[in-house]
Amino acid sequence: MLEQYLEVFTDLDAEFEKYFNEFESIGKLQRLFEKDPNEITKEYTELVERNLRVDYNVKNSFVP
């Protein structure tokens, strides 16, 4: 009997996760549509600049 309940709950959990992921994707997209386009561009530019920074001082760790 418990095995049946476990199977039912496992199936329900998988279905819930599927619908929650779809909802989360739609929610993120909707928030993106509601955001100011200039703010999105600014955040994207800052992200790219942070990831492409080459002015870090790199210390050679192979020298004693």
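Here Glu39 passes the criteria (1) surrounded by 10 or more Cβ atoms within 10 Å (Cβ to Cβ); (2) at pLDDT 85 or above except the one numbered (1).
Mind checking which residues of the stretch 24-40 are in a helix (DSSP H, G or I) and of a type in the set (Asp, Glu)? Working first, answer last.
Residues of the stretch 24-40 that are in a helix (DSSP H, G or I), as a first pass: 24-34, 37-40.
Passing the criteria: Glu24, Glu34, Glu39.
The values are calculated or read from the model by the stated rules, or taken from the named source; none is laboratory data. Quick caveat: nothing in here was measured; it's all calculated off a predicted structure. Reconstructed Cβ throughout: ideal geometry from the backbone, glycine too, with neighbour counts over all protein chains shown.
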